[in-house]
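S.K.: Provided herewith is a single structure, encoded as structure tokens, for subsequent inquiry.
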Amino acid sequence: MRAVNRWVVAAVVLVVVVAVVGTLVRPTARAARTSHGAIAPVSTATLVCPSVTGGPGGANTQMTVATASARTLSKVSYLQLAPGPGAKSGTLSPRPTAVVTANAPGGAVAVTAVGPDAGTLGASQVTLTPSGIHRALSDTACTAPATDWWFAGGDGRIGTTDLIVISNPGDAGANLALSLWSEKGPLSPPNADSINVAPHSSILLHASDFAPDMPTLALHVHANSGTVATAVLDLRTSGVRPVGVDWIPPTTPPATSALVTGYVAGAALNVLYLANPGDRDATVSLRVVTNTRNFQPAGQQTVVVPAGHTTVVDLTQAVAGEVAGVEASSDVAVVAQGLTLMRAARAFPDYAWLAAQPALAAPAVLAANTAPFGQHVSLVLTAPRGQAKVAVRNASGAQATVTVGAGRTSSVDLSALLHAGAAGPGPIELTPLGSEPVYVVRTLYASGAHGPLLAAEMPTVLPPATVLPPVVPDLRAATR
């Protein structure tokens with residue numbers, strides 16, 4: 001009996017050895033052929049609109065929530081980020097858009113999409129104030145929470161009210177720090193290095209409280225914990241006369257190159273704001289890119305921005321009323337932002353803030369594309385290097401390709417491009433074609449009863465799906 005047992009054990013050992021050897025010497029090509037990676041689509045997306053509000057002068061805000069997909073986003077909710085239990089909330093079903101209009105005082109709103117098409121979510125807020133001290137058209141894209149936000153061109157002087165809106169849509173509190181720079185150098189205001197924002201709430205700060213009577217401000221908001229969405233509303237008056245209102249869009253972090261586009265044809269003022277948050281002086285080379293040429297502006301080929309300082313460059317004469325973009329190249333990382341202003345005789349002006357932005361490298365969405373009174377909605381595109389192409393498509397299926405010449409800036413009527421009717425083109429998706437860099441801004445313009453109305457918005461790049469690595473079975477793991 002013992003001999004039999006020994007024989008059985010030996011046979012089992014032999015089988016195991018053969019199996020292990022077979023596993024070790026088996027070609028891996030079959031495993032590679034049968035294993036596939038997966039793509040996990042974005043299943044949840046949240047965007048924050050900084051101030052969905054209305055008020056004096058007939059002001060009303062339209063929050064447009066849209067999908068770049070032909071399908072309907074079935075699970076979209078919104079929540080007013082206000083302390084206390086009275087915060088407004090609701091659900092939306094964009095087909096392809098859903099609009100919430102506010103005519104009474106409101107505040108920041110978080111919009112959340114859940115489901116397989118959540119990654120196609122876009123949202124914009126457009127405010128029209130037809131009369132009163134803050135008569136203007138303002139526009140901004142609703143943004144996803146992040147840890148860092150940069151702005152240049154704010155102002156703490158009398159006659160300008162810059163409101164900093166910081167929102168926390170998360171379930172945990174956020175703590176943040178503000179850093180500011182001015183034409184006179186870095187600022188060290190008290191109580192700026194540890195500001196708390198409760199969950200599902202927003203706070204409103206005045207730039208003048210941190211930089212009283214200081215022009216040409218640059219601002220960095222850094223979340224020490226949590227993530228926040230930050231926006232800056234710029235309101236300007238001259239005595240009792242309105243000068244304009246617009247959101248200063250977040251701009252790219254400090255870099256040695258930046259491009260700001262969206263300077264509109266016929267503008268009465270075109271300026272570029274530069275900030276150097278570093279500890280070495282920056283020498284910045286400028287190049288203007290218009291519809292007819294690209295060149296270094298005479299007398300402004302280079303601009304020196306001292307360490308820790310900001311400066312403003314008036315490019316009105318250089319741009320000469322053309323549609324344009326401005327490219328800045330520096331030996332030290334700087335922050336760039338632009339402003340373009342329209343003015344008519346014996347009428348009130350209005351302006352639009354422009355941000356430096358990365359070249360369009362992935363699909364992006366613009367949710368709201370209807371100008372007041374059914375007037376002008378345009379795309380401004382700059383190709384600073386070679387010829388570039390951008391595919392433009394709306395949710396109804398209309399599509400076209402825009403070609404921008406090498407070293408040129410083009411303006412395209414969006415409604416005409418997509419053969420849109422009186423309702424406008426609706427939400428659009430922009431997709432770059434080819435490898436040449438291209439930069440895009442959407443502008444809204446109307447000739448109002450009391451003067452021009454102007455606003456601009458940078459497209460929101462859609463979040464990419466997550467590519468999961470392939471899973472390869474490996475039996476050797478059991479032998480280790």
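Where a number appears in this text, it was derived from the coordinates with a stated rule and is not lab data. Remember, predicted model here, so these are calculated numbers, not experimental data. Cβ coordinates were reconstructed from backbone atoms using ideal geometry, including for glycine residues, and neighbour counts include every protein chain displayed.
S.K.: Taking the Cα centre of region 138-281 as origin and charging only Cβ (+1 Lys, Arg; -1 Asp, Glu), how large is the dipole, in debye to the nearest 20? Can you show the working numbers first?
M.R.: On the way: 5 positive and 13 negative charges, 44 e Å.
My answer is approximately 200 debye.
S.K.: So, one more: Give me the one-decimal Kirkwood hydrodynamic radius in Å for region 102-204, with the sum taken over alpha-carbon pairs.
M.R.: For region 102-204, inverting the mean 1/r across all distinct Cα pairs yields 16.7 Å.
S.K.: In degrees, nearest 10, range 0 to 90: what is the angle between the Cα axis of helix 2-25 and the longest Cα principal axis of the chain?
M.R.: 30 degrees
S.K.: Something else about it: Could you point to the residue in Y78, G119, S238 farthest towards the positive end of the chain's charge dipole, with +1 and -1 charges on the Cβ of Lys/Arg and Asp/Glu respectively?
M.R.: G119
S.K.: Kirkwood Rh over alpha-carbon pairs of region 386-431, then Stokes-Einstein at 25 °C and 0.890 mPa s: what D in µm² s⁻¹, rounded to an integer?
M.R.: It diffuses with D of about 219 µm²/s by this estimate.
S.K.: Sticking with this one: Provide Rg and Dmax in Å for the chain, with only Cα atoms included in the calculation.
M.R.: When restricted to Cα atoms, the chain yields Rg and Dmax of 26.9, 115 Å.
S.K.: Also, I was wondering about something else. Ranked highest first by the average count of other Cβ atoms within 10 Å around their residues, in what order do 392-403, 423-434 fall?
M.R.: Answer by packing, highest mean first, reads 423-434, 392-403.
S.K.: Mind checking the dipole of the chain: about its Cα centre, +1 per Lys or Arg Cβ, -1 per Asp or Glu Cβ, Debye to the nearest 20?
M.R.: Numbers: 26 positive and 24 negative charges, 386 e Å.
The calculated dipole for the chain is roughly 1860 debye.
S.K.: Using a Debye calculation, one point per C-alpha and no hydration shell, please list log10 I(q)/I(0) for region 340-425 at q = 0.13, 0.19, 0.25 Å⁻¹ in order.
M.R.: Values, matching the q order: -0.53, -1.05, -1.38.
S.K.: For K75, which aspartates and glutamates qualify as cross-link partners when the Cα separation must be under 20 Å and same-chain residues fewer than eight apart are set aside?
M.R.: Counting by Cα, and skipping residues close in sequence, K75 has these aspartates and glutamates nearby: D117, D171.
S.K.: How would region 313-371 be classified by its alpha-carbon gyration tensor: rounded, prolate or oblate, with rounded meaning a/c under 1.5 and the a/b versus b/c comparison settling the rest?
M.R.: Oblate is the answer for region 313-371, as a/c is 1.5 or above yet b/c matches or exceeds a/b.
S.K.: Would you please put 116-128, 251-263 in order of how densely packed they are, using the mean number of other Cβ atoms within 10 angstrom per residue and starting with the highest?
M.R.: Descending mean neighbour count gives 116-128, 251-263.
S.K.: Per the Kirkwood treatment, what hydrodynamic radius in Å, one decimal, follows for region 380-480 from the mean inverse distance over all distinct Cα pairs?
M.R.: Details: mean 1/r = 0.0598 Å⁻¹.
Evaluated over region 380-480, this radius sits at 16.7 Å.
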